[in-house]
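Scroll down for the structure; my scribbles are underneath it.
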Amino acid sequence: MRAAPAVDGAIAGAVGSAALNVVSFLDMALRGRPASSTPEQTAGKFADAAHVDLGPEEKAANRRSGLGPVIGYGTGIAAGALFGLLAARRRIPLPLAVGLLGGGVMATSDGSIAALGISDPRTWRKADWASDLVPHLAYGAAAAATWRRLRPPSRRTDTRLRRITGPR
């Protein structure tokens, strides 16, 4: 198995993660809402589970603050790489790819915070769901578009294009 699809997927996942963060920061700026504490809480729970001492409380808080976004990027990059492996020999329609990528990362994130006891998505209001859904759709759209841009067209598609446009 070649590594190129996983690498292209990881790149797409990184682009998607950046888009998710931009949309989240714009939401914070537009609505004047505070940053979520979920990433830092997740980092703290993971450190506790791994028996990793993050140091004295001030430094531990700073480390959690730094590790939270890193976990988010790791999730997005890993999801992109997995998508790359699964989609390597398929031409997945763009809307389906957006849904698979965005929905997959959202399910992973929300499932993790539920499993860790940080939050219970079943108790969220519509506004909470919108604040979660919109950035994940941005992730899916950016990752799917990047994936499509990085991957060469299939031979079948390329043959159809040559018939329409003539030889290159």
Contact order normalised by residue count of the chain, Cα under 8 Å, 6+ apart, percent: 40
Leaving out ligands, DNA and RNA, and with a 1.4 Å probe, what % of the accessible surface on region 1-154 is carbon or sulfur? 65
Can you tell me the 0 to 90 degree angle between the C-alpha axis of helix 4-31 and the longest principal axis of the chain, rounded to 10? 50
Equivalent-ellipsoid semi-axes (√(5λ), Cα gyration tensor) for region 51-108, whole Å, largest first? 34, 11, 7
Taking N as the residue count of region 1-100, its alpha carbon Rg divided by 2.2 N^0.38 Å gives 1.32
I want to verify a result. In a Gaussian network model of the chain, Cα cutoff 10 Å, which of these has the top mean-square fluctuation: 79, 114, 43? 114
Work out how far the C-alpha atoms of region 103-156 reach from end to end along every principal axis, then list the three figures in whole Å, largest first. 48, 22, 15
Enter the per residue convex hull volume of region 11-167, computed from alpha-carbon coordinates, in Å³ rounded to the nearest integer. 140
Run through all the Cα pairs of region 17-62 and give the fraction in each 10 Å bin from 0, expressed as whole percent. 24, 38, 28, 10
For region 21-68, what's the relative contact order in percent, using C-alpha pairs closer than 8 Å and at least 6 residues apart? 42
Mean residue ellipticity at 222 nm from the helices of the chain, using -39,500 (n - 2.57) per DSSP H segment of n ≥ 4 over the full residue count, to the nearest 500 deg cm²/dmol? -26500 deg cm²/dmol
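The values are calculated or read from the model by the stated rules, or taken from the named source; none is laboratory data. Only a predicted model underlies this, so the values are computations on that prediction, with no experimental measurement involved. SASA here: full protein model, heavy atoms, side chains in, ligands and nucleic acids out. Shrake-Rupley method; radii C 1.70, N 1.55, O 1.52, S 1.80 Å.
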